[in-house]
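Chemist: Once you've had a glance at the structure underneath, I'll fire off some questions.
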């Protein structure tokens, strides 16, 4: 038996919010960060986060430009992986005005392609998604005391399940055979 989730959810303390910052025009934002169309690809994400893949020759410049961005007196936080993937944390709450700081100078949100969205119901997010998911495997033929627990990427699970049932694996999925995942 296999039970899996693609992401986890952590609890949060809700608070009233009036507004939240997000990317409204990614092309304007990316241009301000020194990139042109073709230098990057937007990647799906959940509001208000912004995910993007940067061409390898542009990564260092993009990283340096991001470090110059300050919203509501705090640097914009981001995470980066080795392959040019950036996950940028927008969602700054209750900003008093529509101004940021870039390279030490004030700049209007509009010039950055970002927007301070008014939250009509004044409700905060109800939970935080976290990248770690869960995969539980029960195999009655294995001795739980002698098998080491192995960490695997949740993205490796679906292609293995598809292969197990003879279903074609889409080209965008990276199939890596997993030991012990067969019918």
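The values are calculated or read from the model by the stated rules, or taken from the named source; none is laboratory data. Computed from a prediction, not measured in an experiment: that's the story for all the values here. Using ideal geometry, Cβ is built from the backbone for each residue, glycine included, and neighbour counts are taken over all protein chains shown.
Chemist: In segment 81-99, what count of residues is obtained for those that are in contact with a helix residue (DSSP H, G or I) (Cβ under 8 Å, 6 or more places away or on another chain), outside any loop (DSSP other than H, G, I, E, B) and at pLDDT below 95?
Modeler: The qualifying residues number 1.
Chemist: Please give the number of the condition residue 6 fails out of (1) in contact with a helix residue (DSSP H, G or I) (Cβ under 7 Å, 6 or more places away or on another chain); (2) more than 30 Å from residue 137 (Cβ to Cβ); (3) modelled with pLDDT under 95.
Modeler: Here residue 6 meets the rest and fails (2).
Chemist: Name the single residue that is surrounded by the most Cβ atoms within 10 Å (Cβ to Cβ) among those in segment 48-72 being more than 18 Å from residue 26 (Cα to Cα) and either touching a residue at least 12 places away in the same chain (Cβ under 8 Å) or outside the structural domain of residue 95 (by TED's automatic domain parsing) (or both).
Modeler: Restricting to residues being more than 18 Å from residue 26 (Cα to Cα) and either touching a residue at least 12 places away in the same chain (Cβ under 8 Å) or outside the structural domain of residue 95 (by TED's automatic domain parsing) (or both), the top hit is 72.
Chemist: Next question, about the same structure. Taking segment 52-77 only, how many residues are in contact with a strand residue (DSSP E or B) (Cβ under 8 Å, 6 or more places away or on another chain) and assigned to a strand (DSSP E or B)?
Modeler: 7
Chemist: Let me ask something else about it. What is the number of the single condition among (1) touching a strand residue (DSSP E or B) at 6+ places or on another chain (Cβ under 7 Å); (2) at positive phi that residue 103 does not meet?
Modeler: With respect to (1) touching a strand residue (DSSP E or B) at 6+ places or on another chain (Cβ under 7 Å); (2) at positive phi, residue 103 is out only on (1).
Chemist: Considering only residues that are loosely packed, with under 11 Cβ neighbours inside 10 Å and modelled with pLDDT under 70, which ones fall in segment 100-131?
Modeler: Passing the criteria: 126, 128, 130, 131.
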